[in-house]
Amino acid sequence: MKIDISQKDLGTLCICVMRYCQKQVYMPDLIRRICSDHLHEISDMDLDVMINDCRRMTLYGDGRIDALEWLRWEEALYREKIRRNHEN
């Protein structure tokens, strides 16, 4: 199913749900998968915000379970940024 949403709103939505999951530890894997499917649609500015949010994280939920996945997510965001830079 495709949701009709502007690029600006999509980026803002991804930032908000990511921040919620970082603090509440509620369905972070689902949110990362959904955002990942749309990374190419998220603006460079919003991508930078998401990367910076990951770098500033101090809570990973259950550190034994969640920390590694958030670090992988940060890496995926960074790889998307690198990919875009190589395209330009």
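Kindly put 35, 16 in sequence by how many other C-beta atoms sit within 10 Å of each C-beta, fewest to most.
Arranged by neighbour count, lowest to highest, 35, 16 become 16, 35.
Given 0.36 nm per residue, what is the gain on full extension from residue 85 to residue 9 after removing their alpha carbon distance, in nm?
Separation in residues times 0.36 nm, less the Cα-Cα distance, equals 25.1 nm.
Throughout, read-outs are computed from the coordinates displayed, never taken from laboratory work. Computed from a prediction, not measured in an experiment: that's the story for all the values here. Glycine gets a Cβ as well: all are built from the backbone with ideal geometry, and neighbour counts include every protein chain shown.
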